[in-house]
Amino acid sequence: MELGLILAILGAGLAVTLPCIGSAIALSAVGRSAAGLISEEPEKFGKALLLQVLPGTQGIYGFLAAVLVLQQVGLFGEEIVEVSAGVGWQILLACIPITLAGLLSAVFQGKVSVSGISTLAKKPEEAGKAIILSAMVETYAVIALLLTILILNGITV
Amino acid sequence: MNLSAKKYEIIGLKDKSQEIIEEMQLSGVAEIISLDEGEFTDGDLKNKSSVELKLAEMKFVNDFLSRFEEKQGFLSALIDSFFPTKDKYDLKQLRNLSSEKKTDELVESCNFLEKRLNRIDSRCELLEREIEELKKFSGISENPFIDFENFEVFIGSIISDKKEELLNALKEKSIFFFIRWGGEEEKKNGFYMIYPQEEERLVEIAKSVGAVQESITWSRPPAEIVREKREELSDLKKKREEIIERGRELTGEIPKVRALIDWYGWELEKCEALESGKKTELYFYLQAWILEGRAEKMEEKLKKITPYVSINELEMRKNESPPVLMENKDLMESFEVVTGVYGAPKSDEPDPTPFLAPFFAVAFGLALSDAGYGLLLIALCYFMGKKLEDARAFFNLFIIAGAFTVLAGLLTGTFFGTDLFAGLRIVDAVSDPIEVLYLVSVFGLIQIFVGLLVGLFWNYKQGDINTALGSKGGAVVFFLGIAAFAFTGRAPLLIGSVILMFLLNIIFSENENPLKRLLSGFGSLYDLIGYFSDVLSYSRLLALGLATGIIAMTINMIAFIFMDMIPVAGLNVAVAGFVLVFGHVANLLINALSSFIHSARLQFVEFFSKFMEGGGRRFRPLAKKGRFVEVIKK
């Protein structure tokens, strides 16, 4: 296998794996505190679930970047195209923004969501604000994803 | 629009206080102000403790009977947690319900059942523990604790695998001993051993092999004890089942009990409202925020109860801010859902709902941007809105947002991730994201410009001419300069607008000091960075739109890969169909949530900051609004 293709696959793999790990860490933290809440007030399950899924988006963003890479190198149902080492490096570097921002923003968004669970416990009518506060952290994953998409879009394979 | 409330005092005949407060509850236009020096005592509120008791009883019955209620399905429980269904009652029905003797009987029955259940449960727990301890000896049908002369008894247990080893070790010594195995438990086996008094070392041998001495004695054979305890346990479990069955029969009463929880909650609210007021021998005195223009009508109603009641407007204290009620009609009401997440504006700020409505809908559409998803969202919300009338405003919001999603989907030519409507495509987000980036940035510029205009108008209306023409006016000029530059390509127009903005900020600065005025001018230049980052924030709409579209495309691809991979005809179609349906519904739900949150954020952070601060207190009137019940007029 050519180095270019290897680098592209590495980029796609990292873009999925690290944000997914971040999302899993965050979801598990929020899930644990949500479980404590719904043991007392099961009727709050819906809103707790909403707070839990929020930091899951980073995993999806990573997946999205990976799909774009796979499409670009023809690994997604098409014929594999020849990828030079230079282009491979470009693709790998293009994946870095969503890989790192996805991983870390998911973990930190999870922390805000955990605090949101206590808002939900004490003032359920203000749960919407807790959701927005948590989503504020996600902004930076969105920006990173945007940059990854724009760079990938500019790379000619 | 914002409905502002004014401060009033209400003076009325004390004997009629309950009826008066009840009428205020029914009107739903007055929020009681708690006076620190409330003078009502327990003696004045004779029924407060009985109401509290009744409320506690109803809550207990509800909690107790809920244990036997049939569990809801996952989906209906999920829907119910967001939009709880309410039973409809009129006041007469509720009043009759509260005076029903049957309710007292129900409380008594539940009390009795709960006590019995608790007793049975604790007895069962004890029996289970005792059986657990004795189980390993349950094969022993004689009592070894008989006083054998010159012999001792050792009660022990050993893991079953070591039974043979123990026997061999004891036999090796060729001394007389008697051992009886308890049986039943598989991993551990209980036993007793009778051995001559002088042969204590047998105990040591048993322990060295792994036997553990059990500090347990029986007055009767363990087999008999275990059997009796098991019989008792089984009888208790039958009785428990009977109680549960009785509990299940009573669950039919739950709707009434829940209605009474709301009813007694309102009764308690009446007592608390009075408690926060003052009194004389004959009259009570309350202060309340009443919605503007509603006090006269309410007074008319109260006068029908007694002529000795009056409502008078009061002067507001300095720095006192009245609560705020947002009231919008028809489709605009749906967008209150978005404003509601942020909270109410201050009483002297505009209601942002009508301003955000078109921008929110467009932002949501651009963030989801798939015509198929838009149609599916409309269909789902239409169906849910029909089913859950109370939440119709919420679902209407998504029907409108869905319609804009269809439009955005047609603009980008995506339909469930396919190119079905590629012919209608104006911009291609996947192959030319920069074009969409321009589009969303222009959208951002327009929304921020509108925000500034609203701010300018509002400051002007409030008499704050300096802010209106200085910072807001300057920014408006700058945005006009951008537009002029974009249409003509003439840079001097843009530079001129910046200079004009700078000058406006100096001229209309509130500071007298010329140096500080100059600083205001430079401050406005710094604001330009803020506007730039505000506009950049709209790029999230592109990223979210791409996320929806590309994941939708991936779902289609995966479905087709399954179709090709599975060789069994029919099965491949079924699997591919499942992937398509499940995948697209999940993608729609996740991305609709993201689209809602991020579109809302654009309103709260980028838009609202141009004309309001928020942080107003919501108007919470006395009202018969319940958690379980909706009061209807008959």
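Every number in this text was worked out from the coordinates using simple rules, so none of it is lab data. None of these values were measured; they are calculated from a predicted model. Virtual Cβ from ideal backbone geometry, glycine too; neighbours counted across all protein chains shown.
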Given Cβ charges of +1 for Lys and Arg and -1 for Asp and Glu, the option among B:LEU376, B:ALA483, B:PHE421 whose Cα lies farthest towards the positive end of the dipole of region B:330-610 is B:ALA483
Toy charge model, Lys and Arg Cβ at +1, Asp and Glu Cβ at -1: chain B dipole around Cα centroid in debye, rounded to 20, equals 1740 debye
Computed for region A:54-157: size of charge dipole around the Cα centre, +1 on C-beta of each Lys and Arg, -1 on C-beta of each Asp and Glu, debye to nearest 20, value 560 debye
Only helices counted: for chain A, with every DSSP H run of 4 or more residues adding -39500 (n - 2.57) and the sum spread over all residues, [θ] at 222 nm is -29000 deg cm²/dmol
Exposure-ranked with fewest Cβ neighbours within 10 Å first, B:TYR538, B:TYR342 stand as B:TYR342, B:TYR538
Taking region B:480-634, the equivalent ellipsoid from its C-alpha gyration tensor has semi-axes in Å, biggest first, of 51, 31, 11
FRET efficiency (B:ILE495, A:SER115; Cβ distance; R0 51 Å; to 0.05) is 0.65
Between the modelled labels at B:VAL585 and B:ASN143 (7 Å from Cα along Cα→Cβ) the distance in nm is 6.7 nm
With a 29 Å threshold on alpha-carbon distance, the violating pairs from B:LYS187/B:LYS239; A:LYS129/B:LYS610; B:LYS6/B:LYS329; B:LYS6/B:LYS387; A:LYS44/B:LYS301; B:LYS303/B:LYS346 are B:LYS187/B:LYS239; B:LYS6/B:LYS387; A:LYS44/B:LYS301; B:LYS303/B:LYS346
Dimensionless Rg/Rh of chain A, both radii on Cα and Rh by Kirkwood, sits at 1.13
From fewest to most C-beta neighbours within 10 Å, the residues A:SER84, B:SER234, B:SER334 line up as B:SER234, A:SER84, B:SER334
With +1 at each Lys and Arg Cβ and -1 at each Asp and Glu Cβ, the charge dipole magnitude of region B:267-396 around its Cα centre, to the nearest 20 debye, comes out at 220 debye
At the level of C-alpha centres, the distance separating region A:56-102 and region B:58-130, in angstrom, is 56 Å
Dividing the helical contributions, -39500 (n - 2.57) per DSSP H run of n ≥ 4, by the residues of chain B yields a 222 nm value, nearest 500 deg cm²/dmol, of -20000 deg cm²/dmol
Shielding of B:540-549 by other chains, given as the mean Cβ count within 10 Å, works out to 5
For chain B, using Cα atoms only, the Rg and Dmax in Å read 38.3, 121
Under a Gaussian network model of chain A whose springs join Cα atoms within less than 10 Å, the largest fluctuation of A:ILE60, A:ILE38, A:ILE91 belongs to A:ILE38
Rg/Rh of region B:144-217 (Cα atoms, Kirkwood Rh), to two decimals, equals 0.94
Quick P(r) readout (the protein assembly as shown; Cα-Cα; 10 Å bins; whole %) gives 2, 10, 15, 16, 15, 13, 11, 8, 5, 3, 1, 0, 0
Rg (one decimal) and Dmax (whole number) from the Cα set of region B:68-125, in Å, equal 17.2, 47
Note: B:ALA77 to B:SER310 extended length (0.36 nm per residue) minus current alpha-carbon separation gives 79.1 nm
The orientation-averaged projected area of the Cα convex hull of region B:200-355, in nm², is 26.9 nm²
Given the candidates A:ALA141, B:ASN118, A:SER39, the one whose Cα lies deepest towards the positive end of the charge dipole of the protein assembly as shown, counting +1 at each Lys or Arg C-beta and -1 at each Asp or Glu C-beta, is A:ALA141
Taking only C-alpha positions in region B:330-610, Rg and Dmax in angstrom work out to 22.8, 85
Note on region A:18-57: C-alpha Rg/Rh, Kirkwood Rh, two decimals, gives 1.03
For peptide B:551-564, the mean count of other chain Cβ atoms within 10 Å per residue Cβ is 2
Hull surface over four for the Cα convex hull of region B:386-495, reported in nm², is 11.4 nm²
Pseudo-spin-label distance B:TYR285 to B:ASN96, built 7 Å along Cα→Cβ, given in nm, is 4.3 nm
Note: B:ASP464 to B:MET332 extended length (0.36 nm per residue) minus current alpha-carbon separation gives 44.7 nm
